[in-house]
Amino acid sequence: MKKIKVLERILATIPLMLGVAILVFVFMRMLPGDPVDIMMGDSLATEAEMSMIRESMGLDEPFGSQLLSFLGGILKGDLGNSYMFNAPVKDVILRALPATIELALAAIVIALLLGVPIGILSAVKRNSWLDRITMGWAFLGISMPAFWLGLVLIILFGVNWGLLPTQGRLDHFVELKTITGIYTLDSILTGNLEAFKSSVRHLLLPGFTLGANLMAIVARVVRSSMIEVLEQDYVTLARAKGLVEWAVVTKHALRNALIPVITVVGLQVGVLLGGNMIVEQVFSWPGLGRLVVDAIYGRDYPLVQGAVMLYALTFVVANLIVDILYTNLNPKIEL
Amino acid sequence: MTLSEGKEILRDSSRLWWQNTKDFWRRFRKHPLAVLGLVILIIYILMAIFAPFIAPHDPNKQSISNRLLPPMAFEGGTSEYPLGTDYLGRDILSRIIYGSRVSLLVGVISIAISVFVGFVLGAIAGYYRGFFDTVLSRFSELLMAFPFLIFTIFVMAILGPGFWNLIVALTFKAWVEFFRLVRGEIMSEMTKEYIEAARALGRSSKEIITLEIVPNIFHSVLVLATLRMGYMIITEASLSFLGIGVPPRIPAWGTMVADGRDYILNAWWISTLPGLAIVILVLSINLFGEGLRDVLDPRLKKD
């Protein structure tokens with residue numbers, strides 16, 4: 001692959017992100033309601049005090065100069081101060097981000113651990129009853145709203161069977177010294193077995209809920225690419241050499257069948273992030289998704305702008321990485 | 001190319017299309033799951049249309065003495081309320097029946113508008129290219145960079161709750177996919193022989209787009225529209241679940257699931273049953289769409 005092409009693609013993200021920034025900015029200003037009014041709530045601030053606050057937040061300036069100072073701030077890595085938390089947006093986001101990343105990673109891991117074997121089994125036992133059942137489940141996976149699946153899991157595993165925790169990230173009696181904010185990682189780093197168990201148990205239900213959709217997609221993609229690969233000449237050759245079917249599948253076919261999975265997972269990162277606010281809501285998960293919804297309703301302009309920029313950037317970067325990986329794995333495709 | 005050759009190619013392309021449409025049912029029937037999906041979908045549509053005649057109760061009538069009754073198959077349930085009642089004593093079955101109206105209308109209208117807008121803009125951009133195409137393509141990339149749900153929440157926050165606001169919020173981003181599909185398809189159709197034939201026969205650009213190209217790419221648009229409709233219904237339900245979809249007085253499945261959240265400890269049916277209605281509807285739409293894809297558009301199958 002040509003290096004120049006990659007550079008071109010990377011440079012092309014800059015105007016795109018600029019467009020995102022402007023669009024978010026304009027959208028936020030179109031929201032009805034004044035942030036200072038909402039912030040003050042029922043307090044007895046006078047009109048003069050209110051306009052002083054407005055001035056200190058730069059809200060009295062004309063629209064254009066507000067936009068310019070916002071864009072200028074981004075270039076300097078400064079996203080402004082959150083109104084709701086009275087702290088730099090960067091800090092507020094960084095505080096919530098580890099929880100969201102941990103949940104997304106858990107979802108991806110669960111989706112792959114379940115989706116890949118299901119897909120392989122279906123492909124190998126093609127058109128058997130096993131294939132039909134697993135593909136039926138995969139179909140169900142893409143047809144279920146996350147909030148419903150989450151509630152059903154809470155009712156079954158939490159309320160009825162009492163097997164798994166359904167709210168938050170850690171049991172309240174467990175103490176954990178945070179380093180990265182990703183609790184499973186932190187508990188390994190500090191050698192805290194109890195916290196590790198607790199955080200993994202807390203991840204299972206929300207992780208499965210968020211990953212169910214991806215799992216279904218992965219299973220379907222693995223199945224169809226596996227079927228394709230199993231018909232290739234080199235697989236036939238491996239069979240002719242007298243290899244056991246299982247060895248043929250795992251040693252020869254799997255590696256090539258997994259290439260499309262990379263693409264799918266990469267493209268779904270944006271969808272995972274978009275879906276996380278529902279899952280975070282259902283499982284009281286203190287992550288970015290819940291924060292953004294609160295911030296939109298609290299008219300916390302800087303926080304929403306920062307968070308949405310981050311979402312968009314992740315999405316754009318994930319797409320870029322997928323494209324680059326894909327062309328590397330499959331040189332026939334041009335970037 | 002002579003005039004008669006050109007006419008021959010044109011006639012062949014339109015004959016092929018008719019032939020395909022005629023073959024459609026014959027081939028579609030071979031997909032039992034897709035047929036099942038279609039049948040369930042039709043049942044839902046009938047349920048939505050005839051809701052006032054089917055529903056045993058007024059969906060909004062409250063009855064304090066009949067609060068939190070379980071479905072009739074469970075202890076304490078009565079046949080008067082087959083699927084039980086919620087915390088205000090409203091009949092769950094009647095609310096589910098009426099709730100199908102919101103889901104189906106939102107799904108159909110938002111997809112119809114998205115297809116229309118995406119089709120028109122995509123056709124113009126793909127046929128004429130140039131500045132218009134560049135601007136629209138950049139704008140569509142911009143919209144694609146937003147996660148769908150955040151984007152719709154954003155728009156709903158600006159517009160406030162309401163049925164038509166919901167439609168606007170959903171279509172604001174959904175047209176992009178159809179735009180990109182139609183634009184791409186038209187650009188690839190343009191390189192084919194029959195377009196050249198139509199040009200040689202002196203057809204105008206408008207005629208070429210509407211009479212020649214549209215019938216040829218209609219299938220792939222239809223397939224995508226069906227497969228996206230389930231997603232629209234889920235997104236609407238998600239917004240209603242968050243309390244920012246349709247106003248609370250209209251029975252909607254997402255709202256009902258949210259209503260039941262506080263009662264999952266002792267009344268699981270309030271949340272789970274309306275959710276099940278969503279799952280079955282979306283599942284049958286997806287099965288139908290998958291069957292359509294197999295029959296109409298083998299190219300899309302590579303996934």
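The values are calculated or read from the model by the stated rules, or taken from the named source; none is laboratory data. Everything quoted here is computed from the prediction, not taken from an experiment. Backbone-built Cβ (ideal geometry, glycine too); neighbour counts: all protein chains shown. The protein model used for the area step is the full one, side chains on, heavy atoms only, and it has no ligands, DNA or RNA in it. Shrake-Rupley method; radii C 1.70, N 1.55, O 1.52, S 1.80 Å.
The solvent-accessible area of B:Phe218, taken with every protein chain present and a 1.4 Å probe, is close to 90 Å². Among A:Val221, A:Val109, the order of accessible area from largest down is A:Val109, A:Val221, computed with a 1.4 Å probe on protein heavy atoms. Rolling a 1.4 Å probe over the protein chains gives A:Trp148 an accessible area of about 30 Å². Selection among B:Trp253, B:Ser188, B:Leu166 by position relative to the dipole of chain B gives B:Ser188 as farthest towards the positive end (Cβ unit charges, Cα centre). Helical runs (DSSP H, four residues minimum) scored at -39500 (n - 2.57) apiece and divided by the length of chain A put the mean residue ellipticity at 222 nm at -23500 deg cm²/dmol. Proximity of backbone amide H atoms, modeled 1.01 Å from N, is registered between B:Tyr87 and B:Leu68 at under 5 Å, excluding neighbours fewer than 5 places apart on the same chain. Projecting the Cα positions of A:Leu291, A:Leu193, A:Ile324 onto the charge dipole of chain A (unit charges on Cβ atoms of Lys, Arg, Asp and Glu, taken about the Cα centre) puts A:Ile324 furthest along the positive direction. Rounded to the nearest 20, the size of the Cβ-charge dipole of segment A:96-329 about its Cα centre is 540 debye, with Lys and Arg at +1 and Asp and Glu at -1.
Set the Cα radius of gyration of segment A:63-184 against 2.2 N^0.38 Å, with N its number of residues, and you get 1.60. Dipole magnitude for segment B:30-300: computed about the Cα centre from +1 point charges on Lys and Arg Cβ and -1 point charges on Asp and Glu Cβ, it is near 360 debye. Between the residues B:Tyr44, A:Val308, B:Pro32, the greatest Cα displacement towards the positive end of the dipole of the protein assembly as shown, with unit charges on the Cβ of Lys, Arg, Asp and Glu, is found for B:Pro32. Measuring r between the beta carbons of B:Arg101 and A:Ala240 and using R0 = 51 Å, the FRET efficiency lands at 0.25. Only DSSP H runs of four or more residues enter the estimate; each adds -39500 (n - 2.57), and after division by the residues of chain B the mean residue ellipticity at 222 nm equals -24000 deg cm²/dmol.
In chain A, the C-alpha radius of gyration followed by the widest Cα-Cα span (Dmax) gives 24.1, 87 angstrom. Taking all protein chains together and a 1.4 Å probe, the residues B:Val115, A:Val36 rank B:Val115, A:Val36 from largest to smallest accessible area. A Cβ-based charge dipole, computed about the Cα centre of segment A:218-259 with Lys and Arg at +1 and Asp and Glu at -1, lands at about 140 debye. Sorting B:Tyr128, B:Tyr194, B:Tyr231, A:Tyr183 on solvent-accessible area from highest to lowest, probe radius 1.4 Å, gives B:Tyr128, B:Tyr231, A:Tyr183, B:Tyr194.
I need the shape label for segment A:230-335. Rule: rounded when a/c is under 1.5, else prolate if a/b > b/c, else oblate, with a, b, c from the alpha carbon gyration tensor. Taking the square roots of the gyration eigenvalues as a ≥ b ≥ c, segment A:230-335 is oblate. Straight-line cross-link reach from B:Lys7 at under 19 Å between alpha-carbon atoms covers these aspartates and glutamates, not counting any fewer than eight positions away in the same chain: B:Glu189, B:Glu193, B:Glu196, B:Glu207, B:Glu212. Name the shape class, rounded, prolate or oblate, that the alpha-carbon gyration tensor gives for segment A:122-212, where a ≥ b ≥ c are the square roots of its eigenvalues, rounded holds for a/c under 1.5, and otherwise prolate holds if a/b is larger than b/c and oblate otherwise. Judged from the Cα gyration tensor, segment A:122-212 comes out prolate (a/c at least 1.5, a/b above b/c). Mean per-residue shielding of peptide B:153-160 is 5, counting Cβ atoms of other chains within 10 Å of each Cβ. For segment B:280-294, 3J(HN,Hα) computed residue by residue from phi via the Karplus equation (6.51, -1.76, 1.60; θ = phi - 60°) reads 5, 4, 5, 4, 6, 5, 5, 5, 4, x, 4, x, 4, 4, 4 Hz, glycine and proline entered as x. The C-alpha atoms of chain A define a longest principal axis, and helix A:3-30 lies at about 40 degrees to it.
With R₀ set to 25 Å, the beta-carbon distance separating A:Ile259 from A:Leu18 gives a calculated FRET efficiency near 0.15. Annotation for B:Asp58 and A:Lys177: the two label points, set 7 Å from Cα along the Cα-Cβ direction, are 6.5 nm apart.
In segment B:30-300, Cα pairs under 8 Å separated by at least six residues give a relative contact order of 26 percent. Over all distinct Cα-Cα pairs of segment A:262-315, the Kirkwood formula returns a hydrodynamic radius of 11.7 Å. Applying both filters, DSSP loop and at most 16 other Cβ atoms within 10 Å, to the trypsin sites (Lys or Arg not before Pro) of segment B:213-292 gives B:Arg249. Of the trypsin sites (Lys or Arg not before Pro) found in segment A:217-306, the ones in coil according to DSSP and having at most 13 other Cβ atoms within 10 Å of their Cβ are A:Lys241.
Given R0 = 30 Å, the distance between the Cβ atoms of B:Val168 and B:Val135 translates into a calculated FRET efficiency of 0.90. Under 5 Å between amide hydrogens, built in the peptide plane, is the criterion, and for A:Asn81 it picks out A:Val89 among residues at least 5 positions away or on other chains. By the rule of a C-alpha distance below 16 Å, with chain neighbours fewer than 8 residues away ignored, the aspartates and glutamates paired with B:Lys61 are B:Glu80, B:Asp86, B:Asp91, B:Asp259. The heavy atoms of A:Lys5 offer some 80 square angstrom of accessible surface to a 1.4 angstrom probe. For segment B:223-303, the carbon plus sulfur part of the accessible surface works out to 61%, probe radius 1.4 Å.
Rolling a 1.4 angstrom probe over the protein heavy atoms with all chains in place gives the protein assembly as shown an accessible area of 48 Å² per residue. In plain terms, if you count all Cα to Cα distances in the protein assembly as shown and split them into 20 Å steps from zero, the share in each step is 16, 48, 31, 5, 0 percent. Across segment A:226-239, coupling constants 3J(HN,Hα) worked out from phi with the 6.51/-1.76/1.60 Karplus curve, θ = phi - 60°, read 5, 4, 5, 5, 5, 8, 6, 4, 5, 6, 4, 4, 4, 5 Hz, and Gly and Pro carry x.
Taking a ≥ b ≥ c as the square roots of the eigenvalues of the alpha carbon gyration tensor, segment B:207-287 is prolate, as a/c is not under 1.5 and a/b beats b/c. Accessible surface buried by the B/A pair amounts to about 3700 Å², both sides summed, 1.4 Å probe.
Spread over its residues, the convex hull of the C-alpha atoms of segment A:181-263 is 143 Å³ per residue.
Between segment B:154-196 and segment A:94-141, the C-alpha centres lie 30 angstrom from each other. Here, segment B:30-300 yields an orientationally averaged convex hull projection of 17.2 nm² when only Cα atoms define the hull. Among the residues of A:145-157, the average count of other protein chain beta-carbon atoms within 10 Å of the residue beta-carbon is 6.
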